[in-house]
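S.K.: Starting off with a structure, shown below.
The values are calculated or read from the model by the stated rules, or taken from the named source; none is laboratory data. The structure presented is a predicted model; accordingly, all values stated were derived computationally and were not measured. Neighbour counts are summed over all protein chains in view; Cβ atoms, including those assigned to glycine, are modelled from backbone coordinates with ideal geometry.
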Amino acid sequence: MPIVALDPGYAEKIDVRDREENFHGNIVVYIHWEDHLSFCAAMAFPLPPDMPFGALLQEIIPTYYGMHPDFPRIDWPAVRWTIDGREVTPDPAASLRDHGVHHKSLIRFRTPGLTGFRGSGS
Amino acid sequence: MNAIGKLGLKQRYALLTRGLDWEPSYQPRDKVFPYAAFEGIKVHDWSKWEDPFRLTMDAYWKFQAEKERKLYAVLDSFAQNNGQLGLTDARYVNAIKLFLTGVSPLEYQAHRGFAHTGRHLPGIGPRIAAQMQSLDELRHVQTQVHTISHYNKFFDGFHDWQHMHDRVWYLSVPKSFFDDARTGGPFEFMIAIGFSFEYVLTNLLFVPFMSGAAYNGDLATVTFGFSAQSDESRHMTLGIEVIKFLLEQDPDNLPIVQKWVDKWFWRGHRVLGLVAMMMDYMLPRKIMSWREAWDIYFTEAGGSLFEDLARYGLRPPRYADVATAEAEHISHQNWAIFYQYTHAAAFHTWLPSDEEMDWLSEKYPNTFDKYYRPRLEMWREMEKEGKRFYNNGLPQLCTTCQIPMGYTEPGDPGTICFRTSEFRGETYHFCSDGCKDIFDDEPEKFAQSWLPVHQIFQGNCGGASVEDVLRWYRMNLGADNMDQAGSPDQRQWDAWMEARRRVAG
């Protein structure tokens, strides 16, 4: 249904604020660690789409999640990943774009056997 | 003059309202009231409007003047007697910071919204009523600013509330709520604010803050609260009259009104999550839990309201059941957000004491010990190791309510609730079905959302580092933000209490 607006041309005049071209070459990528809700929400990052997936593993994730007591115990080869709901096995050398990550994609990872502080999901 | 004096209340009111209306002759009516038709609301007979102010109008001026005199007398005495020293604890002041920065600007927004609506409704009765409410709302923001200016002399975080309201990430939540209402048509505004906010949800906002103030020695806030409260009851009767009038005027209005009731209930519920965490975590002396307040003021009071409205075909708001289930979680989830992002907030946070945790266990037997106590205990261990937890990243925000996406799936408190929609080739994220539905109904409107995190990434908020952004917010780093422990507020308070003990011997 068309939007109800005073101006009949409203729908054509809007400025979509979060268009990819507004982010200076980056795309917004959201990352979320399942079963660790002491990180209250997924985190947002502006990233170059040709960044290798390995940079997420080597730099971003340790910087932002490394303070959790479960973090040193993560068995990285066993980690299960989804990108926008699709299960993927990441290739550290391939880029985010190669993995199908686009502007405002959500990457979720689950660490089998680790379910937060005292198994509470936190 | 004498003849006027002899008129009855109703006649005098009729002269003020109906007597001020006239049929325009230079311009057609639809040009005079250009916002009246586009929302699709049909009104056949404005004279059927029963004005809820009609019998109290005469007393209005006298009462308002009297209330102002009392209010400022109390404020003077509070200031002269250093009333801030009578508070239960320095932590309490953070609840008032949240009120001044988050709620008082909404009073001003309400003033503007009702002024606009009071110009654009074609019926003279509701036009006058909206104008009167506009004056009330202006008075409310003034009394709040005057009250809180006293706290600004002694505590941090109060100094730039207006500047912050338009910029700071969590204040975008109440701001976008009112911006959304004010950019709707006049009828949507009346349902959004007059009915859903003022009638259905206002008790959940005002009663907790004012009882919280009374329980915690804040006489100044109690006073502006009472001063506003008698206006609120009038605003509530306006809200209920609006919805009944629209539903009685034409059966075609029902689906439109229902859609607004659904939307504004959910939006109000999300904003009130701030009150939930204030009640459960921020008050040193608690009144009742958010869960209890929700049961009394929404489930019971709201339940009988919607039973009453069922005769017009109106049903209770969609997702009211989800909101009720969320009452077990929302305060804990919101406090977790602010605890880990308090380095970017203009108020302090802290971990609850053992006694407070036990109170929370008692009030939330189904959820607190299982999901939230372990989280707080983990953070307590980190604090003991000198690693107080601050989240280094920026959170994903919901496109509609603009709150960090920290809410969990209905029925599954272990999993974050993620919802998405596509619009013109872009993806949009939501914290709930309620927020997704609102977007899907008006994607053109919400695709323009000013989401603070994305605005930072786009380079529109003073710089790339967190410090740059906080300076752009005009936060005094190291004073307004961070944990309560070690804050200048807390040190000052401790020094006052120590001095008092010395004097008392």
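S.K.: Taking into account only those residues within the range A:85-110 that are more than 19 Å from A:Pro48 (Cβ to Cβ) and within 14 Å of chain B (Cβ to nearest Cβ), which is surrounded by the most Cβ atoms within 10 Å (Cβ to Cβ)?
M.R.: Per the stated criteria, the residue is A:Phe109.
S.K.: A further question follows. Can you tell me which residue within the range A:1-31, out of those that are assigned to a helix (DSSP H, G or I) and more than 30 Å from B:Ile256 (Cα to Cα), is farthest from the other protein chains (Cβ to nearest Cβ)?
M.R.: In this case the residue turns out to be A:Glu21.
Residues are listed down the side, and each one gets a yes or a no for (1) of a type in the set (Gly, Ala, Ser); (2) surrounded by fewer than 21 Cβ atoms within 10 Å (Cβ to Cβ); (3) over 24 Å from B:Gln333 (Cα atoms); (4) under 26 Å from the mean Cα position of the chain (by Cα):
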| position | (1), (2), (3), (4) |
| --- | --- |
| B:His429 | no, no, no, yes |
| B:Asn460 | no, yes, yes, no |
| B:Trp472 | no, yes, yes, yes |
| B:Gly478 | yes, yes, yes, no |
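S.K.: Of all residues being touching a residue at least 60 places away in the same chain (Cβ under 8 Å) and assigned to a helix (DSSP H, G or I) in the range B:149-163, which is farthest from B:Asp468 (Cα to Cα)? Just the residue, please.
M.R.: B:His150
S.K.: A:Asp35 passes all but one of (1) more than 8 Å from chain B (Cβ to nearest Cβ); (2) assigned to a loop (DSSP other than H, G, I, E, B); (3) over 24 Å from B:Trp169 (Cα atoms); which number fails?
M.R.: Checking A:Asp35 against (1) more than 8 Å from chain B (Cβ to nearest Cβ); (2) assigned to a loop (DSSP other than H, G, I, E, B); (3) over 24 Å from B:Trp169 (Cα atoms), the one that fails is (1).
S.K.: Ok, one more. If I ask for residues that are more than 25 Å from A:Pro62 (Cβ to Cβ) and facing chain A (nearest Cβ under 9 Å), which ones from the range B:408-427 would you list?
M.R.: If the condition is that a residue be more than 25 Å from A:Pro62 (Cβ to Cβ) and facing chain A (nearest Cβ under 9 Å), then B:Thr408, B:Pro413, B:Thr420, B:Phe423, B:Arg424, B:Glu426, B:Thr427 are the ones that fit.
S.K.: What's the number of the condition B:Gly217 fails, among (1) in contact with an Asp or Glu (Cβ under 7 Å, 6 or more places away or on another chain); (2) on the phi > 0 side of the Ramachandran plot?
M.R.: Against the list (1) in contact with an Asp or Glu (Cβ under 7 Å, 6 or more places away or on another chain); (2) on the phi > 0 side of the Ramachandran plot, B:Gly217 comes up short only on (1).
S.K.: In the range B:466-505, which residues are hydroxyl-bearing (Ser, Thr, Tyr) and under 20 Å from B:Ser172 (Cβ atoms)? Walk me through it before giving the result.
M.R.: Keep residues of the range B:466-505 that are hydroxyl-bearing (Ser, Thr, Tyr), which gives B:473, B:487.
Hit for the range B:466-505 is B:Tyr473, nothing else.
S.K.: Within the bounds of the range B:382-400, is there any residue that is without any contact (Cβ under 8 Å) to a residue 24 or more places away in the chain, part of a helix (DSSP H, G or I), farther than 30 Å from B:Gln458 by Cβ and facing chain A (nearest Cβ under 8 Å)?
M.R.: yes
S.K.: Tell me which of these A:Asp75 doesn't satisfy, since it passes every other one: (1) touching a residue at least 12 places away in the same chain (Cβ under 8 Å); (2) more than 26 Å from B:Glu377 (Cα to Cα).
M.R.: (2)
S.K.: Right, B:Ser361: free of Cβ contacts under 8 Å to residues at least 12 places away in the same chain and closer than 27 Å to A:Ser120 by Cα or not?
M.R.: So B:Ser361 does not fit the description; no.
S.K.: Please enumerate the residues belonging to the range B:401-416 that are touching a helix residue (DSSP H, G or I) at 6+ places or on another chain (Cβ under 8 Å), within 18 Å of A:Leu106 (Cα to Cα) and part of a loop (DSSP other than H, G, I, E, B).
M.R.: B:Gln402, B:Ile403, B:Gly406, B:Tyr407
To keep it simple, each residue is scored yes or no on (1) within 23 Å of B:Gln162 (Cα to Cα); (2) among the hydrophobic types (A, V, I, L, M, F, W, C); (3) touching an Asp or Glu at 6+ places or on another chain (Cβ under 8 Å).
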| position | (1), (2), (3) |
| --- | --- |
| B:Gly414 | no, no, yes |
| B:Phe418 | no, yes, no |
| B:Ser432 | no, no, no |
| B:Arg474 | yes, no, yes |
| B:Leu477 | yes, yes, yes |
| B:Asp480 | yes, no, yes |
| B:Arg491 | no, no, no |
| B:Ala499 | no, yes, no |
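S.K.: Considering only residues that are of a type outside the set (A, V, I, L, M) and over 19 Å from A:Gly119 (Cβ atoms), look in the range B:355-378 and name the one that is farthest from the other protein chains (Cβ to nearest Cβ).
M.R.: Ranking the qualifying residues of the range B:355-378, first place goes to B:Glu355.
S.K.: If you scan the range A:97-122, which residues turn out to be assigned to a helix (DSSP H, G or I) and in contact with a strand residue (DSSP E or B) (Cβ under 8 Å, 6 or more places away or on another chain)? Before you say what the answer is, go through the steps one by one.
M.R.: First, pick out the residues of the range A:97-122 that are assigned to a helix (DSSP H, G or I): A:97-99, A:117-119.
Within the range A:97-122, A:His99 is the sole residue that qualifies.
S.K.: Do any helices (runs of 4 or more DSSP H) entirely within the range B:164-257 hold 3 or more residues that are closer than 24 Å to B:Asp45 by Cβ and at pLDDT below 95, and if so, which?
M.R.: Answer list for the range B:164-257: B:219-249.
S.K.: Have a look at B:Ala65, B:Ala73, B:Ala37, B:Ala59 and point out the one that is loosely packed, with under 11 Cβ neighbours inside 10 Å and either of a type in the set (Gly, Ala, Ser) or under 29 Å from the mean Cα position of the chain (by Cα) (or both).
M.R.: That would be B:Ala65, the only listed residue that is loosely packed, with under 11 Cβ neighbours inside 10 Å and either of a type in the set (Gly, Ala, Ser) or under 29 Å from the mean Cα position of the chain (by Cα) (or both).
S.K.: While we're looking at this one, here's another question. Cβ-Cβ distance below 6 Å, separation of 6 or more or different chains: which pairs start in the range B:429-443 with a residue that is at negative phi and end on one that is part of a strand (DSSP E or B) and among the basic types (Lys, Arg)?
M.R.: B:Phe430/B:Arg419; B:Lys436/B:Arg419
S.K.: Is it true that B:Arg375 is among the charged types (D, E, K, R), without any contact (Cβ under 8 Å) to a residue 60 or more places away in the chain and crowded, with 22+ Cβ neighbours inside 10 Å?
M.R.: Here the answer is yes, as B:Arg375 does meet what is asked.
S.K.: When the residues of the range A:38-54 are narrowed to those that are within 7 Å of another protein chain (Cβ to nearest Cβ) and in a loop (DSSP other than H, G, I, E, B), which ends up farthest from A:Arg97 (Cα to Cα)?
M.R.: Top of the filtered list is A:Ser38.
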